[in-house]
Each structure stands twice: as structure tokens, then as C-alpha cells.
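To start, the structure under review is shown below, and the notes come after it.
The values are calculated or read from the model by the stated rules, or taken from the named source; none is laboratory data. In this text the structure is predicted, and so the values were computed from the model without any measurement. Counting neighbours? That spans all protein chains shown, and the Cβs are built from the backbone with ideal geometry, glycine included. To get the accessible areas, we keep the full protein, side chains included, count just its heavy atoms, and leave off ligands, DNA and RNA. Shrake-Rupley method; radii C 1.70, N 1.55, O 1.52, S 1.80 Å.
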Amino acid sequence: MILWCACWPRTVLAQSNPADKQDWTHYVRIAGHSLKADNAAAIIDESRRTNVFGIEVDNDIPGRYESFLDPAAKLKAIQAVASAAHAAGNRAFVYIAGLECITANAERSPHSFFKDHPDWVQRNRDGKPAVFGGGTAFWIAKGDEDVWISPYAPEWRKRYMAIVRQIAATGIDGVYVDIPYWMTHFKGWEDSWASFDRYTIEAFRKATGIDALHDMRLGDITDPHFRQWIDFRIATITDFMREIDQNVKAANPQCKTIAEIYPGPESAAPRVGADVYQLYAVVDAIAHEYQGPGDSMGASKTAFDWVDQLSGIFTFRSFARGKASWMLNYSWDGEKGVSIPDAMKTLFAMQLTAGANSWDAKGHVMSESNDAEVRREVFGWIAQNEHVFYDPREPIAPVGVYFSPRTRDYHPDEFIAAFKGTLHALLLAHREFQIVTPATMGNFRGTALIVPQKQLFDSSDLKYLAAAVQHSGIKLIDIGSQPSSFEKLLTDRFPSAAAQGTRDKLLDDALQRVVSQLPESSADQIFASPFTISQIARVNGASQVYLFNVKGLVAKHKLRPDPEREAIIDFVGGAGSRIFALPFLGSVTELVPERTGGRLRVHVPAFERSIVIWCRR
């Protein structure tokens, strides 16, 4: 039985106002805009009409050589949009490049970044500079020069940080730093492990005593010197972002530092040097331009692709440790025969399920919208229900999954296959899980901890795990590399399982090897199809279940799921407990449960994309 309430008081959703405890970065609904000298009012008006809160503006001072030399005009525009946003009760943040700089029309100019400062540029081991022309990437126009700069070039870094302080001093709410990477992501540079410019080589020699040009077997993970090179490159990017944040706060303590990063938890992180596990500690939020390992846009995703991307976002949320995770995603990139509104709504529903902030840009850029009316509708609904999705989620009785940053850095393919396979198994088995890292090991309160690929762990990880067993009595479940085959199992069988419609067909072999070793759960339990992905958490004192449905999704054809009609949740609850439901783009309803075996059983109303069910005791 369902009791309908078209306009439920927000006090049902939260006993207190967590917005008083979390800053604005946790509640943004983002859209991007190109900032000019005279369009601040238009940006604010468009944001108001489409329910945007958290306005990205782009005039990139350090990433364009002309404004790197003379930022005055762009600083004035930033100040104008910051003032206009605040007058409208909104927030604005400005895009700047990290280690990239473009000189317009460099072919016809006697001056360019590289022509004036060739020693500031990153280089591969053969000494080739990281300088590129038009067409290398879609954002580099014909005749332009694109360079990637060494973070150890002292004069450049001094000038860059001075510009950062000037930007923060305008009153803008955030400085958004894109692509703080070592150049390893353009064609021909993927295996370069750059940079080998003279400044970086000297910094590495001072830190380690190692000559990177002659005393290292590049790409050989068995070489301890190469391992130190991997560590050094990650530490360098982390320290660069830390210094940016220090300069931001020195000029404006209220201004936030946001990093935009495309690598997820997979192998790209050590390659480009931007590791979100490390970066969350030194910035206020991270915007993840993360489409999942296959890098497919929303309209091109299979059902399994959605599950895989969602597992990556859950990993980000664990790394964040209470900070906000923004998702810069692309629901549609020109695919024919696809409903754009369906693609956008499925993407938004997925992001909300993980508690990540939404940002769907037009095509494969950062600005505009694939459908402004859909943005208006969904962002307006999120604004009314933001505390359901963005207030802190606390674990209840989770199974732990250990993420080893060092193992991922040195053995990314082997570790990630087992780690992601474990997450997929738990998601499809509807078991509450918590991703545990060396930084959060001391706060883990579960009774069992899964350790994928333990045989590859180094001594620091083994020390953390030994302490956990000794002091907390945690049961370690060493599954070795067993779940690594799970990726192929799901990829092969996930589409066909929709027709079979049976759970048993999916939960075999690798999945059973994970789930069968887990202790029985005495907490809330979920019974649903393997095409329903779940997360269980405590939010403002209530047990809250987030469900995301991928049943019937077909890449480039059908982006609106078939309804999930048979999900059941058993809550641990006694007399006086009340249960509520909030379907995606719907209103709050109160559900009447059945009492069975000391639990409250709820038949979840049929839903398409996602739904949240919570029990307030």
C-alpha cells in the first residue's frame, strides 16, 4: 500500500539542516559558459532559467599565452561575473589550464610560448619537446601552438601562482584547474613517462639521487628506480595542486580549488601523474571527466558500461572522504537514433545514485546543454531534493573492499581487474560495501575486508592489514586474483541475462567465490534483479537505499530502462518506523510495510531509472 503526498515537507527528509555543515560545493548543479567582457548578465540569466547552481565560466588566463602575459581584461570579466552571481544568490568558478598553454596564430607570430621559453616545456626521454599544432586535439585550432609545461620551470611557476592569486582576489568562488598532467596522453607520448626536461631531471636527482636519463629502466616495474619515478611524478602533480590551493586561500580564504581530472582509479592515473586518491587531500573538490574505462558517452553505453562507471564513481566518493565529487559527463555526442532526453535523464539518475554532482555538457565540450529543457526539469527537481542525495552518507554494516594505491600504481591491470570485479559482485549481490584505503583503514567498522590481489601488496599495505586484524578483529577475505575474470563474465553475459531474467545465471563462478565467503548480514537487505544496482547508507539517522536500474538499456538505441517491478527491501525496524520512497523526477510517498521476522518488508514501487527508499526509525 502506498500513501501519496504531492508536496512532502522537507523535514521528513532531514531532521536537521546539513547544508549548515557542508559548503556549497556539495550542492552544485553545474553548467559551463564561455566568459567574455560583456556577457556576465546573460550567463546569470541562463543559469537562473535552467536551475543551475554552480556556474562554470571559461576565459583561461594562464592557458592562453596572450593573457598569461597580460591578464587585466580577463580579470575584469571574472570580477564582473562573480559579482553578478552573488547578487543572484549563485556561485561561480573559473576555468584555468594546469600545465598547458596555447598561443593563437603562433605560426605567423615571432613570439609564442615555445619560441620565447623553450626550456620551460616538458620533453620525452629523447629530448623531444611537448609542442603540438592544430588538429592534435579538438581544442587546438589550425596555426595554434600547444605546449605542455614542466611544473619545475621556476619562472613559469612563479608567474602562474601570481596569476592564481589575482584570480582568487576577484571574489570568484572557485578556481577550476584542468589537465594538471604530465604529457602522456597525445598520440606517440602514451609510453613516454615524461617529463625529462632539465628542471624535472634535476628535481628527481635531488629527491632520490637517481639520474633519470641513465640510471632507470623506463617502463620496467621490477626496477626500483622506475618505481621511484612513478612515485615522484604523482607526488609532483599533487604538490602542484597543493601550492595552487595555498595561493588561492592566501588571496581569498573562501575561494575553493577544484581539479578537473579524467583518469579514474585505473591505469591512467599513474601514467599522467594525476591520482585522485592523492589529490582529494589537497583540493576542495574534484570534477571527474570520467566516462568509465571504455570512455563511451552515455548514449553509447551498454548496461554493463553503466555498472562499470558507477563502480568507479563509488570509488571516487570513498577517496573524497567527505569532499564533493563533480561528474563532468557527456550523455550524448551526436549519436543518431537516440533520444537525447532519455540519455540525459539516465545519466543524471546514475550520478545521483552515487551522490555525485551533475554536469552534462553539450557534445564533448564543457559548455551549453544537450537539451536545456531537460536540464531545467532535472536540476529543478534536484534542488528540491538535494539533501536526499548530497547529505553525508555513512556506512551501516558494510563489507570492506581494500583499495591499494601502491599496488594500482605498480600493477594497475591486475589489481583493477580484481578490485572492480569485486565491486561488481557486491553491487549485483546487493550487499552494502565500503571501499577502504590506507587513509581510512582506522575508521573502518565492518567485520570483513576483501583484499583483491593481496599477493601483489607491498609491505606498507600488509602492515595496515595486519594491524586491522590484530586490533579490530576484522576478518580478511583474501580472494587473490579470482574476480579478475568477472569483467569478461559480465561483459559476455550481462546483455543475454536480460532475456533469461534469472539471478542464478549471473551469480556463478567468480561472483559466488566472492559472495559465498561473506558473513551473513544482520542489517537491511535488498532483493532485486541483477540489473538493479544498490547502495545502502545512513543519512541523517535514516537507513537509506539508493537503487539504479539498467534493465533493457541498449547502447545507441534505447536509453530508457524497462521498469523494475519486483524489488523488495527488508529494513531492521521496530514500532514507529516510517518508510518513504522518492522515484527519479517524482514526489515523496510513504510506504506501508509488512512486518515479517522482526523486519519491515517493503515492496518497492515500480520504477524506471532510479529510486530512493528510506526508513526513519
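Summary table
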item: Carbon/sulfur fraction of accessible area - the chain, other protein chains in place, 1.4 Å, %; result: 50
item: Local net charge near Gly292, Cβ-Cβ under 11 Å (Lys/Arg +1, Asp/Glu -1); result: -2
item: Arg538 - accessible surface, heavy atoms, 1.4 Å probe, Å² rounded to 10; result: 80
item: Dmax and Rg, reported as Rg then Dmax, of the chain (C-alpha, Å); result: 24.6, 81
item: Cut-off under 5 Å, modelled amide H: who pairs with Glu260 long-range; result: Val177, Asp178, Ile179, Ala287
item: In Hz, Karplus ³J(HN,Hα) per residue of the stretch 35-52 (6.51, -1.76, 1.60; θ = phi - 60°; x = Gly, Pro); result: 9, 10, 5, 10, 10, 4, 5, 5, 5, 5, 5, 5, 5, 5, 5, 10, 6, 7
item: Karplus (6.51, -1.76, 1.60) ³J(HN,Hα), θ = phi - 60°, over the stretch 333-348, in Hz, Gly and Pro reported as x; result: 9, x, 5, 7, x, 10, 6, 4, x, 5, 4, 5, 5, 5, 4, 4
item: Surface accessible to a 1.4 Å probe, His86 within the full protein complex, Å²; result: 80
item: Per residue value of the accessible surface for the stretch 201-301 (all protein chains in place, 1.4 Å probe), Å²; result: 34
item: Sequence of Trp139, Trp359 from largest to smallest accessible area, 1.4 Å probe; result: Trp139, Trp359
item: Relative contact order of the stretch 295-345, pairs being alpha-carbon contacts under 8 Å that are 6 or more residues apart, as %; result: 54
item: Crossing angle, helix 198-208 versus the chain [Cα axis fit, 0-90 degrees, rounded to tens]; result: 60
item: Ordering of 578-590, 556-568 by burial proxy (mean other Cβ atoms within 10 Å per residue, highest first); result: 578-590, 556-568
item: Gyration tensor verdict on the stretch 419-482 (Cα atoms; rounded if a/c is under 1.5, prolate if a/b is larger than b/c, oblate otherwise); result: oblate
item: 13 Å beta-carbon shell around Gly442, net charge (K/R +1, D/E -1); result: +3
item: Three-way shape call for the stretch 219-357 based on the alpha-carbon gyration tensor, with the a/c threshold at 1.5; result: oblate
item: Using θ = phi - 60° and Karplus 6.51 cos²θ - 1.76 cosθ + 1.60, couplings along the stretch 594-603 (whole Hz; Gly, Pro as x); result: 9, 9, 8, x, x, 10, 9, 9, 10, 8
item: 5 angstrom amide H check on His33, placed H, neighbours 5+ away; result: Glu56, Val57, Asp58
item: Placed amide H near Ser543: partners under 5 Å, 5+ positions off or other chain; result: Cys615, Arg617
item: Degrees between helix 72-87 axis and first principal axis of the chain (Cα, 0 to 90, nearest 10); result: 20
item: Sequence of Leu465, Leu75 from largest to smallest accessible area, 1.4 Å probe; result: Leu75, Leu465
item: Pairs of alpha carbons in the stretch 115-254 whose separation is greater than 24 Å (percent); result: 38
item: Around Gly98: net Lys/Arg minus Asp/Glu count, Cβ-Cβ under 10 Å; result: -3
